[in-house]
Structures are given as C-alpha cells and as structure tokens.
1. Whole angstrom only: what separates the Cα centroid of segment 76-98 from the Cα centroid of segment 1-58?
2. Quick one: what are the phi-derived ³J(HN,Hα) couplings along segment 132-137, Karplus 6.51/-1.76/1.60 with θ = phi - 60°, whole Hz, x for glycine and proline?
3. Using the Karplus equation 6.51 cos²θ - 1.76 cosθ + 1.60 (θ = phi - 60°), what ³J(HN,Hα) coupling, rounded to whole Hz, does each residue of segment 219-235 give in order, writing x for Gly and Pro?
4. So what are the three principal axis dimensions of segment 1-87 from its Cα atoms, in whole Å, longest to shortest?
5. Cross-link candidates for K206: which aspartates and glutamates have Cα within less than 18 Å, leaving aside residues fewer than 8 places away along the same chain?
6. Calculate one ³J(HN,Hα) per residue across segment 57-74 by plugging θ = phi - 60° into the Karplus curve 6.51 cos²θ - 1.76 cosθ + 1.60, and present them in order as whole Hz with x for glycine and proline.
7. What label, among (i) 18.6; (ii) 20.2; (iii) 21.5, belongs to Kirkwood radius over Cα pairs in Å computed from the structure on display?
8. Please work out the Cα center distance from segment 104-150 to segment 192-206, rounded to the nearest Å.
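Just so it is clear, none of the values below were taken in a lab; they were calculated from the coordinates. Everything quoted here is computed from the prediction, not taken from an experiment.
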Amino acid sequence: MDILSLLGIILAFVALLGGNLLEGGEVASLINGPAGLIVVGGTLAATILQTSWPLLKRAASILRWVFVPPYVGLEDGIDKVVGWSVRARKQGLLGLEGLAEREPERFARKGLQLLVDGTETESIRSIMEVELDAREQRDLEAAKVYEAMGGYAPTIGIIGAVMGLIQVMTNLEDPGSLGRGIAVAFVATIYGVALANLLFFPIANKLRAIVRERTRYEDMMIDGIIAIAEGENPRSIELRLRGFVQ
C-alpha cells in the first residue's frame, strides 16, 4: 500500500471540506447530483470516445498501481544478477536453466532463457529492448488517459456551470428554482477543477513515475544479462549495475 497516495487523497478532501466549513459553508452545499452527473459522466464519455478499447482496459488495470505499486527492488535485482553471474562462471550458461524455470519475473525469465539457449548478445539485447520499449510505451499511453480526463473535467465543469445558469435565466419568475440552478453552476465548476487537479493529473503523474521506475529496473536487468553473456566477472557486473541505483 502506497501511504503517500492515500494521504494525498485524504488531505485533498480535508482541505476542500475544511476550507468550506471554515468559511461558514456546509458540506451539503458541495453535494449536488446533477453537477456530479454532468462532470463525471461527461468526462468519462469524452475519454471513452477518444480511447481505444485495449488502451482503456490497460488504463483501468494499472490504476491500482497508485495505491499498490508493483515491487521494483533495484538492490534485490543487483543481488539476483550477481548470483546468476557467479553460477554461470562456475557451471556455465547451462547452469542457469534451472534458475530460469523458477524465476518468478517474466521479463528476467525470458532473458535467462535466451542466455541458456546460447543466443547472441546483440540478439538478446534487441529482443529484450523491443519488449521493454513496447510495454513502456503502452503503459505511458495508459497513463495519458488520466491526463486526458484531467483536461476534460474542468471544461465539462464549465459546461455544467453554463447549463445551471441557463436554468436560472429561464426560471427567473420562479424564485424557488434560482438557488438550485446557481448551485449546479458553481458546484459543477468546483467538481471539474477539483477532479482534474486533485485526482486525474496526480494519478497520471504517479503512474508515469512508476512506469519509468520499472523501465529503469528492466534496463538494469538487460545490462546484467548481457554482461553475463559476455563473460564479465561478478564484481565488475555489480559495479556496473550500481550505477542504476541513484
């Protein structure tokens, strides 16, 4: 569980609701069904319209990373690669076959299998970098879905505000409807701006940071596997991979 993500959301609600209460407002004044429907529904509709189904599914699947990010242990990765290199020097590359079968990380398992199969070093690098680049690009595009939602939400909020004002202008003779129309106008604007700046943009940035951290880890794994294929000694490999830990 990423405590910072949870803390950020809690602080956002505390800031909004606390500020409203300190100014003499009521929590109920910020709850407006029509405004929420306009902003949330409109934002989702615009996002769905611009996004392909596979990308939309990927964006939904990585949303959990905001609170439960995938484990990326650079130090553990270095220890793992050094252990592979020690075994390869003692038993040869075929000695890694058992480790490849038991390796839980799919990307590392693929690299080990390429080593065991005797694949040329340039081919190993090319194969693994293609997979890494493709997955990184896909995940960054998925993160952009939330960035797009952050761009749409304030604009949809303005649309909700205009709709509320239209309701006010067309019912000037009915004082009872004025308050409801004005509430929709202002609350829709708040919803749009708040969702964009307190939720959607931070989520997009968080996901991008996680994707880049995973990419750095897998870049390190590629370098380590190539070094093993080239027969470098374990100490040299460890010193090289330490450069990824900053």
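1. A separation of 49 Å, based on Cα centres.
2. 4, 5, 5, 5, 4, 4
3. Working through the residues one at a time gives 4, 5, 5, 4, 4, x, 5, 5, 5, 5, 4, 8, x, 5, 6, x, 5 Hz.
4. 68, 37, 13
5. Candidates past the 8-residue exclusion: D2, E136, D139, E141, E147.
6. For segment 57-74, the Karplus curve yields 5, 5, 4, 5, 6, 8, 4, 5, 4, 4, 9, 10, x, x, 6, 10, x, 4 Hz.
7. Read-out from the structure maps to (iii).
8. Segment 104-150 and segment 192-206 have Cα centres separated by 28 Å.
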